[in-house]
Amino acid sequence: MFAVGRYVSRPLRRFLLLVSGLISAGSAHAEQDLDPAVYHRAVEYCRGDVVRPMMLNPDKSVLCFDGEIGDLDASYVAGLEENGVFIVRSLDGFGATALAIANVLLQRRATVVIYDYCLSVCATYFFFASVRTYVLKGSLVAWQAGSRLPDCPTWLRPVPDENGSMVRSPCDALGGGLDGGYGKYVLARQQFYSQRSNAAKSAFPPTTPNIARTLWNMYRDTGVSPIVAWTMNPIYLYSFKTKIQYEAYPASQHEVDEMAARLQVPLRLGVRKVIYDP
């Protein structure tokens, strides 16, 4: 896979993205694990009259998830057949629950299919959950810094460092150390990314060099942790083991703004803007 530097020209990056997409699609076709028609039919099924937020179809080949990631039993996900399809549309929720569900999806070697939107906690965990992720055209996937945990009193927005990592959080000061609920969650989160990343160390939440630089500059200029979400250009996703394919990654900040406005993302997530990663 391509090791893309920070100063590669935009036309060359677009070319590399196209080539990497073709390689990904060709590899998936060879393994017979990529069938967009099947994915679209599964999405239409999950849009219909199904129990929300989570329901298995009768033959257990499709698991629908539509809604907030609340206090759910991750063991239900184990009912999905091996190499089944996990269809997801989710705004937000508890990180610990999403992480637990994602780990079961990996055990089932499920294909994650995203439609309409996958934001914040959904993007942090479900996007990288298993061996394959397929994003339908017109879907907005965006990451956000923060935590919602039982022993954290509020949404907490960590401060970025110069590398774009946003791991420092006031929750770190809670009692219990690594034996407490938050400490156990942090260790589980580290294990989650170490299992799924080819890199020696991954920032949390994940960022690209462009987004990391933008977040750092926003913090440096204001002294306040930026209350934003962001997309990630798939050309940078080579560092993750998950095979990820977008039917169509957004083409511009304007397109992302339109998608965010249509989905009311700033209002629903409490962010000021969704930053486009070109």
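What follows draws every value from the coordinates through simple rules; no lab data is involved. What you see is a predicted model, and the numbers here were worked out from it, not measured in a lab. Neighbour counts run over all protein chains shown; Cβ positions are idealised from the backbone, glycine included.
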Based on Cα coordinates alone, diagonalise the gyration tensor for segment 177-278, multiply each eigenvalue by 5, take square roots, and list the semi-axes in whole Å, largest first. 25, 20, 14
Hey, can you rank 83-89, 258-264 by average C-beta count inside 10 Å, highest first? 83-89, 258-264
Among 123-134, 91-102, how do they line up from the highest to the lowest mean number of other beta-carbon atoms within 10 Å? 123-134, 91-102
Determine the gain in length on full extension of the stretch residue 44-residue 239; use 0.36 nm per residue of separation and subtract their C-alpha separation, reporting nm with one decimal. 67.1 nm
